[in-house]
Amino acid sequence: MARTIPHRELRNNSSRILDEVRRGETIHITNHGVVVATLIPPQAEEPPCACTPRATRAAGASSVPARRRTA
C-alpha cells in the first residue's frame, strides 16, 4: 500500500525516503495537499512514457518526422 508525504518531508529526509522506495515502498508526494509525484521502486512497472525508446531511436526510426532546414 502506498503512503503519502508532503514535499517538505521528502526534502528533509530524501535519503531515508529513497531507501524505503528502493526496498519496495511506493510513496506519493504532495504539494499543498495535492499529489504531484509518485515514487515507485525500480522493479515496479514503469509509468507510460511519451518518448521513443532509445533502441528505436538508435535504429533510425522515430515517431517525430525530421524537419528540413531552411536557409
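The values are calculated or read from the model by the stated rules, or taken from the named source; none is laboratory data. These figures come from a predicted structure and were not determined experimentally. A quick note on method: Cβ atoms are made from the backbone with ideal geometry, for glycine too, and the neighbour counts reach across all protein chains shown.
Considering only residues that are out of contact with any strand residue (DSSP E or B) (no Cβ under 6 Å at 6 or more places or on another chain) and surrounded by 11 or more Cβ atoms within 10 Å (Cβ to Cβ), which ones fall in segment 25-35?
Start the filter on segment 25-35 by keeping residues that are out of contact with any strand residue (DSSP E or B) (no Cβ under 6 Å at 6 or more places or on another chain), which leaves 25-26, 31-34.
Correct list: Glu25, Thr26, Asn31.
Looking at Pro41, Pro6 in this structure, which one is surrounded by 10 or more Cβ atoms within 10 Å (Cβ to Cβ) and at pLDDT below 95? Full working, then the answer.
Numbers: Pro6 fails: at pLDDT below 95.
From the options Pro41, Pro6, the qualifying one is Pro41.
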